[in-house]
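The values are calculated or read from the model by the stated rules, or taken from the named source; none is laboratory data. Fair warning: this is a prediction, and the values are worked out from it, not measured in the lab. Virtual Cβ from ideal backbone geometry, glycine too; neighbours counted across all protein chains shown. What goes into the accessible areas is simple: the full protein's heavy atoms, side chains included, and nothing from ligands, DNA or RNA. Shrake-Rupley method; radii C 1.70, N 1.55, O 1.52, S 1.80 Å.
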Amino acid sequence: MINTPQKERHTISIIVDNEAGVLARVIGLFAGRGYNIEHLTVAPVDSAGTESRITVVTVGTPKIIEQIKAQLDRLVPIHRVGDLTEEGPSVERELALVKVSGSNEQRLEALRVAEAFRAKRVDSTGTSFVFEVTGKTEKIKAFIHLMEELGLVEVVRTGVAALKRGKDAL
Amino acid sequence: MSSKAKSGAEIIIKSLEDLGVEVIFGYPGGAVLPIYDALHNHKKIKHILVRHEQAAVHAAEGYARSTGKPGVVLVTSGPGATNAVTGLADAMLDSIPVVCLTGQVPVQLIGSDAFQESDTVGITRHCTKHNYLVRSSDDVSAIIHEAFHVATTGRPGPVVVDIPKDVQILPSENQHKGPIKHRSYLPALKGDEEAIKKAVELLATAKKPIFYTGGGVINSGPKASKLLRKLAQLIGTPVTSTLMGLGAYPSTDPLFLGMLGMHGTYEANNAMHDCDVMVCIGARFDDRITGRIDAFSPKSKKIHIDIDRSSINKIIHVDVPVVGDVAHVLEVFLKFWKKGRHKLDGEALKSWWAEINLNRDRNCLDYAKKDDVIMPQYALERLQTLTKGKDVYYTTEVGQHQMWAAQFLQFEEPNRWMTSGGLGTMGYGFPAAMGVQMAHPKALVIDVAGEASIQMNIQELSTVMQHDLPVKIFILNNEYMGMVRQWQELNHEGRYSNSYTASLPDFVKLAESYGATGLKVEDPSDLDATIIEMIETPGPVLVDCRVEKLANCFPMIPSGAAHNEMILPDENETKKFEGGAALV
Ligand SMILES: Cc1ncc(C[n+]2csc(CCOP(=O)(O)OP(=O)(O)O)c2C)c(N)n1
Ligand SMILES: [Mg+2]
């Protein structure tokens, strides 16, 4: 085909019944139909624990993104599907824990970078630090990239959590 | 146990009773024995004992498709459930309402690789509309009611309810009553009126309109078929149908162009290619319909009526989508059309029909009759003629015979044609016919079969004998997996790798060994008498109709070609495709 449509990155929010197997249904749909998952977060969000919110960051052509939303909407335990990328401004945050270990010079430099990124030092030993950094995905990536030079040991990321700006809910 | 408490199994059966279930297709085993016990000598619910769980699901599909009611299946855990998977996948792709109860190992043993344990909910997640694992006998009634609700509403489909054995035994007082109010599953029936208005206005501008209809019309119910007829006849548009939709519009009506798609008619496919406004009603632009996507109906604006939003723009971009149930949408459509006093450009319509009729004259289903051997098309023409006017239902297996049946049989009403469209499951037709016969005991139910397909569920001869189901099996025996052989001839230079059905049984003796009637016919001059004998002989009859071995099914859009690149019968035999091996 000529003119292959551009791929876009979308953040999709899904409110589901917090019941056994519901995450498998969502992930299975992505795997079975060959859709992409870049980030996935899930946790109960009401005090009773009956509803969960799943946030998926996915990449696809506009047609595929439409399909993903329509297919998700078909799943029986899904209450609402929202496209935060399409439905106007949203805030997106991610949290990462980043462990570095290195010599004196590197340690000092790591602390300086952490400060610039407003990362919190949540663990420190004589030879290592664990930093907690939050922010947009680009910021997290940049932080990790800088730490690679400074004795990066391991990283864990939560994946994106996102909400629409303003007073309205999904 | 308090006086009102019943065992889970009794609650299950009572729930089915309350839901109006009259027949269950099933097969027992350890994990469903309590349910079978509760079914023992049941007065209202009849159990049909199949001989393979796959057949139970297909029978339930046949029952559902010929009645519009959900079909019900009961199988045991492990192998019982896995044997049912093909049937579930079939019902999923053809949107057939089926509720399948599966036994499961006791709750405490789940996950321990217990005897006959399988992760049924995991295995069937992708081939059901929804599925449930019941964890307590307190929940089982509400879940069964919900399962029926999900299976039968919106876009219908199969639903599995996996029930551990202890849940069947433990007592509870919970018996669900009344309708289901679901928190998250709320399918919309009515189409958006603004969208319907736009659709009406678009159709009113058409110079070359066409209605492309599918199984959604049938699933919507008889009212949808009536409205379709009314609308098409009011406007004068040509109508074509998918394999799944045959019968929604009467085959013999002059507006009907026959089936479209890979083995559809020349006139239907060319009309699809050349039209300027296409109204897709309850169909889903499947690849067997569209052919090459980028060459599909390039000049048309498209309206798409579908109950499933995910069908819209999935494959083909449409200009006016209407999400809703076909009957609901057509009713409003008709109202708006009349209210707006719309009328198509008469002159344009006339020349559009002239164009279509020219293609009709091409007589694309023509074939060379022979005196010494029965042509499969001829056999179906005779079958059609000799069953005309009877209360007849047709099912098919999968292959050339299926496509010929779609081309040569005539369907005047919905719900009388049952074939595996989406999954293309060999072995579907015979058990489906059992289900149809259960629902319509007095009707003539005929499975048009191939000698290869029929062997995939031939064991059901035992079932039809046990339950007095006088199903007729009409085998077009070409000694080949004909459709495979045809593709090998066209795409693989005639290398017939493993497509000859060697070591065939003597079908007459085979039928007789079960106590059924077996007939064989080879000579065209005996064909009518054999068909009449099949119809008039009481009880199950199997006909081994020997046909031309190397006949090909045309017209054909080669895989990956466009609608206007069909191969017609008289261009066949020697024609080779440049493309080589076909992709799909
Ligand atoms: C379960 C299953 N396995 C394999 C196929 C692939 N297949 C499609 S048609 C066909 C041959 C069918 O042969 P037969 O029943 O004799 O029908 P004919 O084409 O000869 O009319 C095969 C193997 C299928 N559709 N279903
Ligand atoms: Mg054959």
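Residues that are in a loop (DSSP other than H, G, I, E, B), open to solvent by 20 Å² or more (accessible area, probe 1.4 Å), within 12 Å of another protein chain (Cβ to nearest Cβ) and of a type outside the set (A, V, I, L, M) do occur in segment B:127-136.
The residue that is farthest from the other protein chains (Cβ to nearest Cβ), among those in segment A:69-107 that are part of a loop (DSSP other than H, G, I, E, B) and under 30 Å from A:Gly151 (Cβ atoms), is A:Ser103. The single condition among (1) within 11 Å of another protein chain (Cβ to nearest Cβ); (2) surrounded by fewer than 19 Cβ atoms within 10 Å (Cβ to Cβ) that A:Val16 does not meet is (2). Scanning segment A:114-122 for residues that are open to solvent by less than 70 Å² (accessible area, probe 1.4 Å) and not in a helix (DSSP H, G or I) turns up at least one hit.
Among the residues examined, B:Asp37 qualifies as part of a helix (DSSP H, G or I) and open to solvent by 40 Å² or more (accessible area, probe 1.4 Å).
The helices (runs of 4 or more DSSP H) found wholly in segment B:435-517 and carrying at least 2 residues that are in contact with a strand residue (DSSP E or B) (Cβ under 6 Å, 6 or more places away or on another chain), more than 14 Å from chain A (Cβ to nearest Cβ) and away from ligand 2 (no atom under 16 Å from the Cβ) occupy B:507-513. Look at (1) within 12 Å of chain B (Cβ to nearest Cβ); (2) in a strand (DSSP E or B) and you find that A:Ile64 fails only one, number (2).
Here segment B:290-310 is the region considered, the condition is being within 14 Å of another protein chain (Cβ to nearest Cβ) and surrounded by 22 or more Cβ atoms within 10 Å (Cβ to Cβ), and the residue that is farthest from the chain's Cα centre (by Cα) is B:His304.
For segment B:447-481, the tally of residues that are open to solvent by less than 10 Å² (accessible area, probe 1.4 Å), within 20 Å of B:Gly424 (Cβ to Cβ) and among the hydrophobic types (A, V, I, L, M, F, W, C) stands at 7. A Cβ distance below 7 Å, combined with a sequence gap of six or more or placement on separate chains, defines the contacts here; from segment B:461-483, residues that are closer than 19 Å to B:Tyr378 by Cβ and in the same structural domain as B:Pro441 (by TED's automatic domain parsing) reach residues that are part of a strand (DSSP E or B) and open to solvent by 40 Å² or more (accessible area, probe 1.4 Å) in the pairs B:Asn477/B:Arg546; B:Glu479/B:Tyr500; B:Tyr480/B:Tyr500. With respect to (1) open to solvent by 50 Å² or more (accessible area, probe 1.4 Å); (2) outside the structural domain of A:Ala31 (by TED's automatic domain parsing); (3) closer than 20 Å to A:Leu40 by Cβ, the lone exception for A:Thr137 is condition (1). Of the residues that make up segment B:199-207, is at least one more than 23 Å from B:Ser297 (Cβ to Cβ) and surrounded by fewer than 24 Cβ atoms within 10 Å (Cβ to Cβ)? No, every residue in segment B:199-207 fails to be more than 23 Å from B:Ser297 (Cβ to Cβ) and surrounded by fewer than 24 Cβ atoms within 10 Å (Cβ to Cβ).
With the condition kept exactly as written, say whether any residue in segment B:263-284 is within 14 Å of another protein chain (Cβ to nearest Cβ), within 26 Å of B:Ile567 (Cβ to Cβ) and open to solvent by less than 10 Å² (accessible area, probe 1.4 Å). Lay out the reasoning, then the answer.
Pass one, segment B:263-284, residues within 14 Å of another protein chain (Cβ to nearest Cβ): B:284.
Now restrict to residues that are within 26 Å of B:Ile567 (Cβ to Cβ): B:284.
Checking which are open to solvent by less than 10 Å² (accessible area, probe 1.4 Å) leaves us with none.
No - not one qualifying residue is present in segment B:263-284.
Report whether or not A:Leu40 is surrounded by fewer than 18 Cβ atoms within 10 Å (Cβ to Cβ), within 25 Å of A:Asp168 (Cα to Cα) and more than 11 Å from chain B (Cβ to nearest Cβ). Judged against the criteria, A:Leu40 is a match.
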